[in-house]
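Read-outs: derived from the displayed coordinates by stated rules, not from any lab. Source: prediction; values computed, not measured. Here the Cβ positions follow ideal geometry from the backbone for every residue, glycine too, while neighbour counts run over all protein chains shown.
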Amino acid sequence: MKKKSLKGFTLIEIIVVIGIIGVLAAILIPTMIGYVNKSKRASDVSSAREIYIKVIGVMSDEDQTDAADAFYNGGSVEYSKFDDLSKVQYDLVVVSYLDGLSGTDGSGNIWTPVDSDQQEFCDALNNSLDFKNSSNGSKIKIKSKDSNIGIMNRWFIGYRKSDPQTIEIWVGDANLGASCGTPLMCLYTQINKSSNPTADG
């Protein structure tokens, strides 16, 4: 009776296959991470745009003139920012902020004024009919490239001191700077530009 010859892979063949898999992984993984980061950024920009639309809605509502006036009250928290596109240094006045980790889930996560004089604006924004069902409080997905910069865990609404009609939506770190936190990255303005590209995407 003949013995069956069991032929398997040689050690060299296995090493070659593992090497090929390693090369493919080294090529594909960074590409996939890039696509994921772009998707996260796109999601946050979309959320920022919705926040901006709600702010403009409150500001332009003829029945909310007091809220619109309250938007420009206060101004005690300012940050110096640089616009990469126009190469202009400007002061950002922060009006309101919202937790960007848990999102708006009905647990009391609402827009909070930086100054008490801006409370009426925040009340109008929080009471808008579609606020709770919108992405105004959606979880921030974007990550900072530099861990020393901070964590993106808070939404900010502000305007340029030199041009108050330029309203901007930012994300930033709740634990840096003033009690309201520090805006680190501009995600949306009227012309939808990023003023501080410090995050993946």
If Lys7, Lys54, Lys161 are placed from fewest to most neighbouring beta carbons inside 10 Å, the sequence is Lys7, Lys161, Lys54
Under the 7 Å Cα-to-Cβ spin-label approximation, Ile18 and Phe82 lie apart by a distance in nanometres of 4.8
Length gained if Leu11 through Lys161 is fully extended, taking 0.36 nm per residue and subtracting the Cα-Cα distance, is 47.1 nm
For the stretch 32-117, the Cα-Cα pair-distance distribution in 10 Å bins from 0, as whole percents, is 14, 31, 40, 13, 2
